[in-house]
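Novice: Got a structure here, written out as structure tokens. Questions coming.
The values are calculated or read from the model by the stated rules, or taken from the named source; none is laboratory data. Note that the coordinates shown come from a computational prediction; the quantities given were computed from them, not determined experimentally. Please note: Cβ atoms are built from the backbone with ideal geometry, for glycine as well, and neighbour counts cover all protein chains shown. Surface areas here come from the heavy atoms of the whole protein model, side chains and all, with no ligands, DNA or RNA. Shrake-Rupley method; radii C 1.70, N 1.55, O 1.52, S 1.80 Å.
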Amino acid sequence: MGVSVASLGFPRIGLRRELKTALESYWSGRSDLDALLCTASDLRKINWACQKEHGADIVPSNDFSLYDHVLDISAMLGAVPEAYGWKGRTVDPLTYFAMARGGQKDCAHGVTAGEMTKWFDTNYHYLVPDLRADQIFELSTSKVVDEYREAKAQDIQTRPVLLGPVTYLLLAKIRDEQNINPLGLLQRVLPVYEQVLKQLVAEGADWVQFDEPGLVLDLDDMAREAFQAAYAALTEAAPALKIMLTPYFGALDDNLETALSLPVHGLHLDLIRAPEQLAEVLGKARPDLLLSLGVVDGRNVWRADLSQLLDGLEPAFRARGNLVLAPSCSLLHVPIDLARETDLDPEIGQWLAFAVQKIGELRTLATALEQGRDAVRDVLEASDRAASLRRSSPRIHDLAVQTRLMTVTPELSRRNAAFSTRREEQQARLGLPLFPTTTIGSFPQTPDIRVARAAHAKGVLSDDQYTAFLREETCKAVRWQEEVGLDVLVHGEFERNDMVQYFGEQLSGFVFTKHAWVQSYGSRYVRPPIIFGDVSRPHSMTVEWWRYTQSLTERPVKGMLTGPVTILNWSFVRDDQPRATTCRQIALAIRDEVLDLEVAGAAMIQIDEAALREGLPLRRRDWKSYLDWAVESFRLTASGVADRTQIHTHMCYSEFNDIIVAIAAMDADVISIETARSKMELLDAFVQDAYPAEIGPGVYDIHSPRIPTVGEMAELLRAARVRLEDRQIWVNPDCGLKTRRWPEVEPAIANMVAAARLLRTAVDS
Ligand code: GLN
Ligand code: ZN
């Protein structure tokens, strides 16, 4: 009887991004596989020791991954698509990395990487399992057992983590027969999992953690039955092994009965996303089911309010006697150690907790439950103090912002006239040709630019020198855009490091870290801004750049902003008020910028909402409320302008079918979207719902170095003309060009302009 502290998974990247360095050095041929594996093994060792040291009783193994934990399962199952030329037996690192990143240049058959997509509603991306209807699965890696053994050799008994078979299949795609449900492959997958479990038992494992975040999704009967079948088989295959079933990222809700009926030994609950489910589970769970309570936020950076948590935990502990305390989900999604942030504003620092601090918090809670609060009085008092300061700090609470928000009327989110009227005024003002050409905003971030930015950050380049350099780049970009014949110009975003960071750094209520990296995918890590307080805009952020650029040309230059929903979705967001409120505050701040741009003379302002779709809740029934406030925030940002000012928005994805009504409700005058790869088919969404405004369906796939020909872009535009009216169509790439090189961009955009001209002549004749 007692309380233990579990970690469900720890960041793999290393405190100093050692994994990134090792991977990239291996990929570039600067070091060999042994060096990479050695770094990986060091990181695991450090991570195990670190979690133990901060108070975890149960530490995971196999949470580490060289690239992605979903890909690890595909490799374990030998689910390697034919294109990779794999001959069976062990999935070697070359095959593994080819699936992750595509074939290397020196490889004769240049295979492409597997498809990547977002892991539930996080900003982590996994490799989508790419299966066949007749897929054969065979145990093809020994990673799970190897890492268990490796820890044991260091005297650490771990609880191996595996992505569970049902969620694995829920995330999979069947290539050859699209209408076959991957869950149909369950019976073929299970024997491999069973084999792994038996090996673990033989090695001495007592518990295993099966991550099944699929249990918080809307499931049909087939999926629920798959859970029954899977866990019946897995418990039977290895009766000596106890299974901790670990759903997270939300409430079990209508899947609770299913979860509680499975013959597993433990059940984890995400009590951050769904605290209310504890009461129901306490009432319904078998007495011998070990509950793992996810009470510390594995998805965000805030310090927990320990006393408040104890108020809820003490009765649960009395009721059960036995408990596991854990983060709500794997700590993969938070930075590793707050102690590294030595430059952080200390007042804000005391409100934060990263992965190791979170384990420490769980330790405190466990001690308080077992020995009483007095045993950890100092720590609890410190936590109380931090919580109370956070509630009252003037750094967080800005009365002016709150008052302004309270006086927002619905009119502020409404454009003056309807689109048809606005359109006439905008046309008269702009006089653009049919099929106007433009780009999405950024131009190549060349090595020169990166060098200058780094030199400026170090103080080697003065502010004035840096600005002069950026102006020079902007000026060159304007000259080139005129020469190549674009109708609507952009300034190129050379001054921006990142489309969210650039704004966050100029807004109040944001703080940035130096080392707080989290994995986005593979060796790509990001440092999301932290929104800690009420958001406002102390001064204009982009007007000078717009003004300078417009002074260089007669053609219209778009003002270029990041929208409130995207800023929100790509940040760590404060947890002391609803996300919707924070989003509206950002909307008001960006609205001020929109209006300043208009006063400066901008005839067009683009508000990027690259990440609007990825904020969609995991459950359908929560979509409406999200879309309502997300769309409202966009409109609040955009609607202050006169009818003659043209509002553009941009979204970098292609699935619109299920959210088209919301997209239309944003009421932008022009929307640019990603379509090059899907051959314009997704425009059907815009047709069926009679989208009235103008649309720039991307004709240039900017994710590829390939330069599209005039002919193929003209062909895409013809496909667009079948679906849209000519007056609606804009011609642009799929997204910004910052990751491309000029030698690719110059001919590609020249071809794009030529394709637009070709179409214009076709219409004229
Ligand atoms: N304006 C931004 C750019 O061109 C948009 C980027 C994005 O949508 N991700 O870079
Ligand atoms: Zn984009």
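Novice: Checking the structure you have, find out if any residue of region 716-726 is within 16 Å of ligand 1 (Cβ to nearest atom) and of a type outside the set (S, T, Y). Talk me through it step by step, then tell me what you get.
Specialist: So the first thing to find is which residues in region 716-726 are within 16 Å of ligand 1 (Cβ to nearest atom), and the list is none.
Looking for residues that are within 16 Å of ligand 1 (Cβ to nearest atom) and of a type outside the set (S, T, Y), one finds none in region 716-726, hence no.
Novice: Evaluate the following for T342: is it among the polar types (S, T, N, Q) and surrounded by fewer than 21 Cβ atoms within 10 Å (Cβ to Cβ)?
Specialist: On the way: among the polar types (S, T, N, Q): yes; surrounded by fewer than 21 Cβ atoms within 10 Å (Cβ to Cβ): yes.
So T342 fits the description; yes.
Novice: Can you give me the number of residues within region 602-637 that are within 16 Å of ligand 2 (Cβ to nearest atom) and not basic (K, R)?
Specialist: From region 602-637, those within 16 Å of ligand 2 (Cβ to nearest atom) are 606-615, 634; that's our starting set.
Okay, now just the ones that are also not basic (K, R), so 606-612, 614-615, 634.
Number of matching residues: 10.
Novice: Say we look at region 443-462 and pick out the residues that are open to solvent by 60 Å² or more (accessible area, probe 1.4 Å) and either within 16 Å of ligand 1 (Cβ to nearest atom) or under 33 Å from the mean Cα position of the chain (by Cα) (or both); which of these is nearest to D608 (Cα to Cα)? Break it down stepwise before answering.
Specialist: First, pick out the residues of region 443-462 that are open to solvent by 60 Å² or more (accessible area, probe 1.4 Å): 447-448, 450-451, 457-458, 460.
Next, from what is left, pick out any that are either within 16 Å of ligand 1 (Cβ to nearest atom) or under 33 Å from the mean Cα position of the chain (by Cα) (or both): 447-448, 450-451, 457-458.
Working: P447: 25, D448: 26, R450: 23, V451: 27, A457: 26, K458: 30 Å.
The residue in question is R450.
Novice: So, of the residues in region 410-426 that are without any contact (Cβ under 8 Å) to a residue 12 or more places away in the chain and more than 32 Å from the chain's Cα centre (by Cα), which turns out to be least open to solvent (accessible area, probe 1.4 Å)?
Specialist: Within region 410-426, the subset without any contact (Cβ under 8 Å) to a residue 12 or more places away in the chain is 410-411, 418, 424.
From what is left, the residues that are more than 32 Å from the chain's Cα centre (by Cα) are 411, 418, 424.
Numbers: E411: 110, A418: 63, E424: 127 Å².
Applying the filter and picking the extreme gives A418.
Novice: Here are some conditions: (1) more than 30 Å from the chain's Cα centre (by Cα); (2) not in a loop (DSSP other than H, G, I, E, B). L434 meets all but one. Which one does it not meet?
Specialist: For L434, the exception is condition (2).
Novice: Let me ask something additional. Determine which single condition A755 fails, assuming it passes every other condition in (1) surrounded by fewer than 19 Cβ atoms within 10 Å (Cβ to Cβ); (2) of a type outside the set (K, R); (3) away from ligand 2 (no atom under 16 Å from the Cβ).
Specialist: Condition (1) is where A755 drops out.
Novice: Here is a further query. Kindly indicate whether any position in region 492-514 is within 16 Å of ligand 2 (Cβ to nearest atom), surrounded by fewer than 19 Cβ atoms within 10 Å (Cβ to Cβ) and part of a loop (DSSP other than H, G, I, E, B).
Specialist: yes
Novice: Sticking with this one: Tell me whether region 634-648 contains one or more residues that are open to solvent by 30 Å² or more (accessible area, probe 1.4 Å), of a type outside the set (V, I, T) and farther than 23 Å from M604 by Cβ.
Specialist: Looking through region 634-648, none of the residues is open to solvent by 30 Å² or more (accessible area, probe 1.4 Å), of a type outside the set (V, I, T) and farther than 23 Å from M604 by Cβ.
Novice: Every residue in region 136-193 that is of a type in the set (K, R) and part of a helix (DSSP H, G or I), please.
Specialist: K143, R149, K152, R188 - these are the residues of region 136-193 that are of a type in the set (K, R) and part of a helix (DSSP H, G or I).
Novice: For region 559-573, name all the residues that are away from ligand 2 (no atom under 16 Å from the Cβ), in contact with a helix residue (DSSP H, G or I) (Cβ under 9 Å, 6 or more places away or on another chain) and open to solvent by 10 Å² or more (accessible area, probe 1.4 Å). Don't jump to the end; show me each part of the working.
Specialist: Initially, region 559-573 is screened for residues away from ligand 2 (no atom under 16 Å from the Cβ), giving 559, 564, 568, 571-573.
Subsequent filtering for residues that are in contact with a helix residue (DSSP H, G or I) (Cβ under 9 Å, 6 or more places away or on another chain) retains 559, 564, 568, 571, 573.
Scanning region 559-573 gives a single hit, S571.
Novice: Does R132 satisfy the criteria of being open to solvent by 30 Å² or more (accessible area, probe 1.4 Å), farther than 30 Å from D57 by Cβ and touching a strand residue (DSSP E or B) at 6+ places or on another chain (Cβ under 9 Å)? Explain how you work it out, then say what you get.
Specialist: Working: open to solvent by 30 Å² or more (accessible area, probe 1.4 Å): yes; farther than 30 Å from D57 by Cβ: yes; touching a strand residue (DSSP E or B) at 6+ places or on another chain (Cβ under 9 Å): yes.
Yes; evaluated as a whole, the condition is true for this residue.
Novice: Now for a separate question. With respect to the numbered conditions (1) among the β-branched types (V, I, T); (2) out of contact with any strand residue (DSSP E or B) (no Cβ under 6 Å at 6 or more places or on another chain); (3) modelled with pLDDT of 95 or more, which one is the sole condition not fulfilled by I605?
Specialist: The single condition I605 does not satisfy is (2).
Novice: Can you tell me which of I749, I729 is farther than 27 Å from F419 by Cβ and either basic (K, R) or crowded, with 20+ Cβ neighbours inside 10 Å (or both)? Can you show your working first?
Specialist: Working: I729 fails: farther than 27 Å from F419 by Cβ.
Matching residue, one of I749, I729: I749.
Novice: Continuing with the same structure: Search region 428-442 for residues that are closer than 16 Å to A720 by Cβ and open to solvent by 30 Å² or more (accessible area, probe 1.4 Å) and pair each with any residue that is within 16 Å of ligand 2 (Cβ to nearest atom) and of a type outside the set (G, A, S) when their beta-carbon atoms are under 8 Å apart and the residues are at least 6 apart or on different chains.
Specialist: From region 428-442, no pairs qualify.
Novice: Filter region 151-177 down to the residues that are under 28 Å from R132 (Cα atoms), among the small types (G, A, S) and surrounded by fewer than 24 Cβ atoms within 10 Å (Cβ to Cβ) and list them by number.
Specialist: Result: A172, single match.
Novice: Can you tell me which condition V3 does not meet? The list is (1) open to solvent by 30 Å² or more (accessible area, probe 1.4 Å); (2) under 28 Å from T246 (Cα atoms), and all the others hold.
Specialist: Among (1) open to solvent by 30 Å² or more (accessible area, probe 1.4 Å); (2) under 28 Å from T246 (Cα atoms), V3 violates only (1).
Novice: May I pose another question? Do any residues in region 552-573 that are in contact (Cβ under 8 Å) with a residue 12 or more places away in the chain have Cβ atoms under 6 Å from those of residues that are basic (K, R), where the two are at least six apart or on different chains, and which pairs are they?
Specialist: V573/R579
Novice: Let me ask something else. Of everything in region 645-703, what is modelled with pLDDT under 85, on the phi > 0 side of the Ramachandran plot and not aliphatic (A, V, I, L, M)? Give them in sequence order.
Specialist: The one that is modelled with pLDDT under 85, on the phi > 0 side of the Ramachandran plot and not aliphatic (A, V, I, L, M): K679.
Novice: Within region 101-110, is there a residue that is within 28 Å of A611 (Cα to Cα), touching a residue at least 24 places away in the same chain (Cβ under 8 Å) and either assigned to a helix (DSSP H, G or I) or in contact with a Leu (Cβ under 9 Å, 6 or more places away or on another chain) (or both)? Lay out the reasoning, then the answer.
Specialist: From region 101-110, those within 28 Å of A611 (Cα to Cα) are 101-102; that's our starting set.
Still in the list and also touching a residue at least 24 places away in the same chain (Cβ under 8 Å): 101.
When the remaining residues are screened for being either assigned to a helix (DSSP H, G or I) or in contact with a Leu (Cβ under 9 Å, 6 or more places away or on another chain) (or both), the result is 101.
Checking region 101-110: at least one residue is within 28 Å of A611 (Cα to Cα), touching a residue at least 24 places away in the same chain (Cβ under 8 Å) and either assigned to a helix (DSSP H, G or I) or in contact with a Leu (Cβ under 9 Å, 6 or more places away or on another chain) (or both).
Table: residues versus (1) surrounded by fewer than 19 Cβ atoms within 10 Å (Cβ to Cβ); (2) out of contact with any strand residue (DSSP E or B) (no Cβ under 9 Å at 6 or more places or on another chain).
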{"position": "A22", "(1), (2)": "no, yes"}
{"position": "K45", "(1), (2)": "yes, yes"}
{"position": "E53", "(1), (2)": "yes, yes"}
{"position": "A56", "(1), (2)": "no, no"}
{"position": "A75", "(1), (2)": "no, yes"}
{"position": "P93", "(1), (2)": "yes, yes"}
{"position": "F97", "(1), (2)": "no, yes"}
{"position": "D121", "(1), (2)": "yes, yes"}
{"position": "Y126", "(1), (2)": "no, no"}
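Novice: Could I ask something else about it? Given G294, G266, which one is buried (at least 18 other Cβ atoms within 10 Å of the Cβ) and within 30 Å of I348 (Cβ to Cβ)? Working first, answer last.
Specialist: Details: G266 fails: within 30 Å of I348 (Cβ to Cβ).
Being buried (at least 18 other Cβ atoms within 10 Å of the Cβ) and within 30 Å of I348 (Cβ to Cβ) holds for just one of G294, G266, which is G294.
A quick yes/no check of all residues on (1) open to solvent by 10 Å² or more (accessible area, probe 1.4 Å); (2) assigned to a helix (DSSP H, G or I):
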| residue | (1), (2) |
| --- | --- |
| S540 | yes, no |
| W545 | yes, yes |
| L552 | yes, no |
| C583 | no, yes |
| V594 | no, yes |
| L597 | no, yes |
| I605 | no, no |
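Novice: For the list (1) touching a residue at least 12 places away in the same chain (Cβ under 8 Å); (2) more than 16 Å from ligand 1 (Cβ to nearest atom); (3) more than 26 Å from G102 (Cβ to Cβ); (4) within 31 Å of the chain's Cα centre (by Cα), I need the number of the one condition that E746 fails.
Specialist: For E746, the failing item is (3).
Novice: If you go through region 478-489 one residue at a time, do you hit one that is hydrophobic (A, V, I, L, M, F, W, C), assigned to a loop (DSSP other than H, G, I, E, B) and away from ligand 1 (no atom under 16 Å from the Cβ)?
Specialist: First pass over region 478-489, keeping only residues hydrophobic (A, V, I, L, M, F, W, C): 478, 480, 484, 486, 488-489.
After this cut, where a residue has to be assigned to a loop (DSSP other than H, G, I, E, B) as well, the list is 486, 488.
The next check asks that each one be away from ligand 1 (no atom under 16 Å from the Cβ); those that pass are none.
No: region 478-489 contains no residue that is hydrophobic (A, V, I, L, M, F, W, C), assigned to a loop (DSSP other than H, G, I, E, B) and away from ligand 1 (no atom under 16 Å from the Cβ).
Novice: Condition check: within 12 Å of ligand 1 (Cβ to nearest atom) and touching a strand residue (DSSP E or B) at 6+ places or on another chain (Cβ under 9 Å). Does L507 satisfy that? Let's see the steps before the verdict.
Specialist: Values: within 12 Å of ligand 1 (Cβ to nearest atom): no; touching a strand residue (DSSP E or B) at 6+ places or on another chain (Cβ under 9 Å): yes.
Considered against the rule, which asks whether it is within 12 Å of ligand 1 (Cβ to nearest atom) and touching a strand residue (DSSP E or B) at 6+ places or on another chain (Cβ under 9 Å), L507 comes out as no.
Novice: Please specify each residue of region 178-213 satisfying the condition of being surrounded by fewer than 21 Cβ atoms within 10 Å (Cβ to Cβ), touching a strand residue (DSSP E or B) at 6+ places or on another chain (Cβ under 7 Å) and under 29 Å from L269 (Cβ atoms).
Specialist: P182, D206, W207
Novice: What is the number of the single condition among (1) aliphatic (A, V, I, L, M); (2) open to solvent by 30 Å² or more (accessible area, probe 1.4 Å); (3) in contact with a Lys or Arg (Cβ under 8 Å, 6 or more places away or on another chain); (4) more than 29 Å from A232 (Cβ to Cβ) that L309 does not meet?
Specialist: Tallying (1) aliphatic (A, V, I, L, M); (2) open to solvent by 30 Å² or more (accessible area, probe 1.4 Å); (3) in contact with a Lys or Arg (Cβ under 8 Å, 6 or more places away or on another chain); (4) more than 29 Å from A232 (Cβ to Cβ), L309 fails exactly one: (3).
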